[in-house]
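Student: First, the structure itself, so that you have it in front of you.
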Protein chains: 2
Amino acid sequence: MQLSNAEEQVMEHLWKMEKAFMKDLLEAYPEPKPATTTVATLLKRMIDKKFVAYNEFGNSREYYPLVKKSDYFSKHVNGLIKNFFDNSASQFASFFTTETNLSEKELEELKKIIDVQLQKKKK
Amino acid sequence: MQLSNAEEQVMEHLWKMEKAFMKDLLEAYPEPKPATTTVATLLKRMIDKKFVAYNEFGNSREYYPLVKKSDYFSKHVNGLIKNFFDNSASQFASFFTTETNLSEKELEELKKIIDVQLQKKKK
DNA sequence: GAATTAACTCTACAAATGTAGAATAAAAAA
DNA sequence: TTTTTTATTCTACATTTGTAGAGTTAATTC
């Protein structure tokens, strides 16, 4: 099951903080902050969906993510690729490189990354 | 406003076919095909959202997309980048290159694409 | 220890989404 | 021209999502 947008935001915070109490999560929100109960509802739903768990500390809980950001993200990108590019990652890559405006420096970096990948493949 | 998942599927078909009558759209679906009324509802919603328009032909309509796939897609990717990578396209690119398993050939292609982009930037 | 606060659960409710039946109208087939 | 098919609109309804009040309980502060 997927996270909704509002839930994804909570995840973002959790990923950044690694673990957090309700209070920390609320702080992480910009004004206007949502009601505590709103965040509580979202957390509960995320727990049901097995995206979040917690450790009990007194009467409150320290929440933490159950899925890695990279894994979650992978699924997203793969979904996009499947959806929009008939499963062709290279088509996606090409599109991405032309449409996103990466700076010269970023492009050079990317090239390096690709070279590393290529080395790995060739082994 | 954004398209929902089901609506996105209709869009996919429309993008592929460029324009289509109800019948064509239904054919494009794999089994089990949705009810005609379902697709009709989706189309109507998409028309409201200004993603689709149509030309009338007799008693039926030829639907066509109002937004280009590439534009729609850009927004998606940019959303992803913003959401997950603090707006850093290069971070995304790096992630993408390492996590998606592109073949050797695809990586080479991608390198070429990057070179072309680099040439453009240098001018 | 009484009052305040923080975190949680329960309940609720409006909007969006996925899905489709019933009714209608027009076109095509018999 | 009667029947059948097709496309559309209207209505409907369950589920999911966004948001939060009310109430409860435990911890903290006076």
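The values are calculated or read from the model by the stated rules, or taken from the named source; none is laboratory data. Because the structure is predicted, anything quoted here is derived from the model rather than measured. Heads up, the Cβs are rebuilt from the backbone with ideal geometry, glycines too, and the neighbour counts pull from every protein chain shown. To get the accessible areas, we keep the full protein, side chains included, count just its heavy atoms, and leave off ligands, DNA and RNA. Shrake-Rupley method; radii C 1.70, N 1.55, O 1.52, S 1.80 Å.
Student: Working from Cα positions, state the angle (0 to 90°, nearest 10) between the long axis of helix A:69-85 and the longest principal axis of chain A.
Tutor: Value to nearest ten degrees: 50.
Student: If one puts a single equal scatterer on every Cα of the protein assembly as shown and applies the Debye formula without solvent, what log₁₀ I(q)/I(0) results at q = 0.13, 0.14, 0.16 Å⁻¹?
Tutor: -0.99, -1.07, -1.17
Student: Note down the accessible area of residue B:66, probe 1.4 Å, to the nearest 10 Å².
Tutor: Residue B:66 exposes around 90 Å² with every protein chain in place.
Student: A further question follows. Tell me the Kirkwood hydrodynamic radius of the stretch A:49-91 in angstroms, computed as one over the mean inverse distance between distinct C-alpha pairs.
Tutor: Hydrodynamic radius (Kirkwood, Cα only) of the stretch A:49-91 equals 12.6 Å.
Student: Just the accessible area per residue of chain B, please: how many Å² with a 1.4 Å probe?
Tutor: 60
Student: In Å and on Cα atoms, what radius of gyration and Dmax does the stretch B:81-122 show?
Tutor: Values for the stretch B:81-122 (Cα only, Rg and Dmax): 12.0, 30 Å.
Student: Heavy atoms only, probe 1.4 Å: what % of the accessible area of the stretch B:1-118 goes to carbon and sulfur, would you let me know?
Tutor: Summing carbon and sulfur atoms, their accessible area is 50 percent of the total for the stretch B:1-118.
Student: Quick one: if you stick a label point 7 Å off each Cα along the C-beta vector at residue A:56 and residue B:29, how many nm between them?
Tutor: 4.8
Student: Regarding chain B, what is the average projected area of its C-alpha convex hull, in nm²? Don't skip to the answer; put the middle values down first.
Tutor: On the way: hull surface 43.3 nm².
Orientation-averaged projected area of the Cα hull: 10.8 nm².
Student: Given only helices, namely DSSP H runs of n ≥ 4 each adding -39500 (n - 2.57), what is the per-residue ellipticity at 222 nm of chain A, to the nearest 500 deg cm²/dmol?
Tutor: On the way: 6 runs with 80 residues, N = 123.
Taken over chain A, the calculation gives -20500 deg cm²/dmol.
Student: Roughly how many nanometres apart are two label points built 7 Å out from the Cα toward the Cβ at residue A:88 and residue B:109?
Tutor: Going from the residue A:88 label point to the residue B:109 one covers 0.6 nm.
Student: B plus A alone minus the pair: what accessible area, both sides summed, probe 1.4 Å, in Å² to 100?
Tutor: Working: alone 9470 and 9480 Å², together 14690 Å².
For chain B against chain A, roughly 4300 Å² becomes buried.
Student: How long, wide and thick is the stretch A:5-65, going by the Cα atoms along their three principal axes, in whole angstroms, largest first?
Tutor: The principal-axis extents, from largest down, are 28, 24, 21 Å.
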